[in-house]
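Visitor: Following this message is one structure expressed as structure tokens.
Read-outs: derived from the displayed coordinates by stated rules, not from any lab. Worth saying up front: this structure is predicted, and the values here are computed from it rather than measured. Cβ placement follows ideal geometry from the backbone for every residue including glycine, while neighbour counts extend to all protein chains displayed.
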Amino acid sequence: MPALEALRLFDSGVLWRRAAHLNPLEVWSLAMKGVLSLVILTLLTALTGGALKTFWDIRLLLDHSVEVVLRQIIVNTLILLAIVEVFKTTVTYFREGRVKVTFIVDTILVVMLTEVISQWFKGGDWQALTVLCGIVLVLGIVRVMAVRWSPTLRAEPHDSVYHDLCNQGGSR
């Protein structure tokens, strides 16, 4: 008898009635949570693999100079920090349903700093290095602006100082 009950669950009339009661936003939310769970799992796997590879690169001290090995470990560590920032952004989106600009800018800053350091280590072109440093400077300014004018920190109108002065004058 349980097999007959299971067959009844897939009856077209039953499926149609269930589909009519589905909320598209709930389906979207469940689908996004499923995809984000896979992204988080992928990021954790990449982070673990990267940490193991960075640890394994210490063995290069036997064959190469300390400077070369430490440069490689620094670049690998900065890339891992970029993955941590992406992970933090993904978890925040998973939890709050929105992305914070500061997390995205932090991720880009870490990636750009990694690129600056790797270009510097390679003895790259000074013009490319100057452009990268300019981008990092602009991103730093964007980061400060995102924190300064964050919508989560400001629950009052923009001209709250003027509003406060007007209220103080009216209460005398």
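Visitor: Kindly indicate whether Val35 is closer than 29 Å to Thr102 by Cβ, β-branched (Val, Ile, Thr), surrounded by 14 or more Cβ atoms within 10 Å (Cβ to Cβ) and within 21 Å of the chain's Cα centre (by Cα).
Guide: Details: closer than 29 Å to Thr102 by Cβ: yes; β-branched (Val, Ile, Thr): yes; surrounded by 14 or more Cβ atoms within 10 Å (Cβ to Cβ): no; within 21 Å of the chain's Cα centre (by Cα): yes.
It is false that Val35 is closer than 29 Å to Thr102 by Cβ, β-branched (Val, Ile, Thr), surrounded by 14 or more Cβ atoms within 10 Å (Cβ to Cβ) and within 21 Å of the chain's Cα centre (by Cα).
Visitor: On the basis of being outside any helix (DSSP H, G or I) and either in contact with a Gly (Cβ under 6 Å, 6 or more places away or on another chain) or free of Cβ contacts under 8 Å to residues at least 40 places away in the same chain (or both), does Leu30 make the cut? Break it down into steps so the answer makes sense when it comes.
Guide: Details: outside any helix (DSSP H, G or I): no; either in contact with a Gly (Cβ under 6 Å, 6 or more places away or on another chain) or free of Cβ contacts under 8 Å to residues at least 40 places away in the same chain (or both): yes.
Criteria not met by Leu30.
Visitor: Follow-up question, since we're still on this one. Here are some conditions: (1) farther than 24 Å from Ile117 by Cβ; (2) in contact with a helix residue (DSSP H, G or I) (Cβ under 9 Å, 6 or more places away or on another chain). Val35 meets all but one. Which one does it not meet?
Guide: Condition not satisfied by Val35: (2).
Visitor: Within the bounds of segment 51-66, is there any residue that is among the small types (Gly, Ala, Ser), under 29 Å from Gly140 (Cα atoms) and within 17 Å of the chain's Cα centre (by Cα)?
Guide: No, every residue in segment 51-66 fails to be among the small types (Gly, Ala, Ser), under 29 Å from Gly140 (Cα atoms) and within 17 Å of the chain's Cα centre (by Cα).
Visitor: Which condition number does Glu85 fail, the rest of (1) touching a helix residue (DSSP H, G or I) at 6+ places or on another chain (Cβ under 6 Å); (2) over 16 Å from Leu47 (Cβ atoms); (3) of a type in the set (D, E, K, R) being met?
Guide: (2)
Visitor: Sticking with this structure for a sec: For segment 93-105: of the residues being more than 8 Å from the chain's Cα centre (by Cα) and assigned to a helix (DSSP H, G or I), which is nearest to Gly140 (Cα to Cα)?
Guide: Val105
Okay, residues lined up against (1) exposed (fewer than 15 other Cβ atoms within 10 Å of the Cβ); (2) not in a helix (DSSP H, G or I):
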| position | (1), (2) |
| --- | --- |
| Ile58 | yes, no |
| His64 | yes, yes |
| Thr77 | yes, no |
| Ala82 | no, no |
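Visitor: Quick check on this structure: which one of Val116, Val84, Val111 is over 27 Å from Ser37 (Cβ atoms) and either free of Cβ contacts under 8 Å to residues at least 40 places away in the same chain or over 16 Å from the mean Cα position of the chain (by Cα) (or both)?
Guide: On the way: Val84 fails: over 27 Å from Ser37 (Cβ atoms); Val111 fails: over 27 Å from Ser37 (Cβ atoms).
Exactly one residue qualifies, and that residue is Val116.
Visitor: Testing Ala51 on (1) in contact (Cβ under 8 Å) with a residue 40 or more places away in the chain; (2) small (Gly, Ala, Ser); (3) farther than 29 Å from Val144 by Cα, one condition comes back false. Which one is that?
Guide: Exception for Ala51: condition (1).
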